[in-house]
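The values are calculated or read from the model by the stated rules, or taken from the named source; none is laboratory data. Since this is a predicted model, take the numbers as computed values, not measurements. Ideal geometry is used to build each Cβ from the backbone, glycine not excepted, and the neighbour counts take in all protein chains shown. Ligands, DNA and RNA are stripped out before the accessible areas are found, and what is left, the full protein with its side chains, is counted by its heavy atoms. Shrake-Rupley method; radii C 1.70, N 1.55, O 1.52, S 1.80 Å.
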Amino acid sequence: MATLSVLRPVRRPKDPAQRHRNLVGVTLAAPALVLFAAFAIYPMLRVFYLSVFDYSLTAPPEFVGLKNFQYLATDPRFGAALAQTIWYAAGTYVPALVLALVLAHALNSRMRGLGLVRLLYFLPVAISWVAVSVIWRVVLNPDGMLNQTLHLNVNWLTSSTSAMWGLVLMSVWKETGFFLILFLAGLQTIPDDVFEAARLDGAGWWHRFWYVTLPMLRPVTAVCSVMAVIRGFQAFSPQAVLTNGSFGTEVVNLFVYKTAFENARMGRASAVAVIMFLLLLALTLLQLRVFARRDR
């Protein structure tokens, strides 16, 4: 018994000042936690709840089990919206990431006026999607600047073969600056000594980029990759403003909006939201696992 009493950890009385600081911290954080629970956690749980009900806003919800999910599994319109979302996300964010990486590498130097150039690249990010869409409606007009500059005759927003391309073109222009800033911040954390050592070993520009820059940018690349997928699957405003989902541009979020508020099928729209949540969660975990495996 004497031995056990010696091994047992001694409980020291808490410092009153530390206890007071903890109480103040909890008190200050409580309003934010309550608001987060009310406006983020509760709506998310409510969506999961409604996904197993048939709910039209004008009548009490009726429990239907998994019928909403069974309907969506055979709904060609939902399948088309999902395919168009993947097409839009890949068509926009793969070129945007590559372009942002190349531009960040080019702008990672100490020259006069580069701050202004970086600001110009970031400017589209600061403009709202609706404003950008209005600007590009003028640019993509059959008599607009793009056709006149390239001597084309393309109906960018009123043709099933070109509407998605017009949206992708606009989105690459808007989104590249966002990833450029992230890559640029990552490049500036790499010590110059590393590049100098590689240069002394005879490594050319391509070898320094491939064997030094890219591996050291892997954490930033992982973040950019995850954010690109999420932003791609969250697309809504450009499709709603420019085409309203016509001509093969209806993405999943626009499908959810029309299902919920135009067709008053809140339960079915909630089921789509649940599917997209699980899909994005799986894609995010997969991306993190791929990048973590390469770090080993």
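Among the criteria (1) exposed (fewer than 11 other Cβ atoms within 10 Å of the Cβ); (2) under 24 Å from residue 229 (Cα atoms), the one residue 48 does not fulfil is (1).
Of all residues in segment 110-131, one or more are closer than 16 Å to residue 244 by Cα, at pLDDT 90 or above, of a type outside the set (Gly, Ala, Ser) and open to solvent by less than 80 Å² (accessible area, probe 1.4 Å). Within segment 55-66, track down each residue that is under 30 Å from the mean Cα position of the chain (by Cα) and of a type in the set (D, E, K, R). Across segment 55-66, there are no qualifying residues. Scanning segment 140-153 for residues that are aliphatic (A, V, I, L, M) and either over 22 Å from residue 88 (Cα atoms) or surrounded by fewer than 17 Cβ atoms within 10 Å (Cβ to Cβ) (or both) returns 145, 150, 152. In the set (1) of a type in the set (Val, Ile, Thr); (2) closer than 18 Å to residue 58 by Cβ; (3) open to solvent by 40 Å² or more (accessible area, probe 1.4 Å), the condition left unmet by residue 241 is number (2). Answer with yes or no whether residue 96 is surrounded by fewer than 18 Cβ atoms within 10 Å (Cβ to Cβ) and modelled with pLDDT of 95 or more. It is false that residue 96 is surrounded by fewer than 18 Cβ atoms within 10 Å (Cβ to Cβ) and modelled with pLDDT of 95 or more. Residue 221 satisfies every condition listed in (1) more than 23 Å from residue 175 (Cα to Cα); (2) of a type in the set (Ser, Thr, Tyr); (3) touching a residue at least 40 places away in the same chain (Cβ under 8 Å) except (1). Return yes when residue 84 is without any contact (Cβ under 8 Å) to a residue 24 or more places away in the chain and either surrounded by 13 or more Cβ atoms within 10 Å (Cβ to Cβ) or of a type in the set (S, T, N, Q) (or both) and no when it is not. For residue 84, the condition - without any contact (Cβ under 8 Å) to a residue 24 or more places away in the chain and either surrounded by 13 or more Cβ atoms within 10 Å (Cβ to Cβ) or of a type in the set (S, T, N, Q) (or both) - is not met. Could you tell me whether residue 42 is over 30 Å from residue 189 (Cβ atoms), exposed (fewer than 13 other Cβ atoms within 10 Å of the Cβ) and out of contact with any helix residue (DSSP H, G or I) (no Cβ under 6 Å at 6 or more places or on another chain)? So residue 42 passes the test. Contact annotation: residue pairs with Cβ atoms under 7 Å, 6 or more positions apart or on different chains, pairing a residue in segment 174-196 that is in a loop (DSSP other than H, G, I, E, B) with a partner that is open to solvent by 10 Å² or more (accessible area, probe 1.4 Å), are 188/108; 190/216.
Looking across segment 30-73, the residues that are among the small types (Gly, Ala, Ser) and outside any loop (DSSP other than H, G, I, E, B) come down to 30, 32, 37, 38, 40, 73. Restrict the check to segment 221-238 and report whether at least one residue is more than 13 Å from the chain's Cα centre (by Cα) and more than 30 Å from residue 157 (Cα to Cα). Yes: one or more hits. Going through (1) outside any helix (DSSP H, G or I); (2) free of Cβ contacts under 8 Å to residues at least 60 places away in the same chain one by one, residue 247 falls short only on (2).
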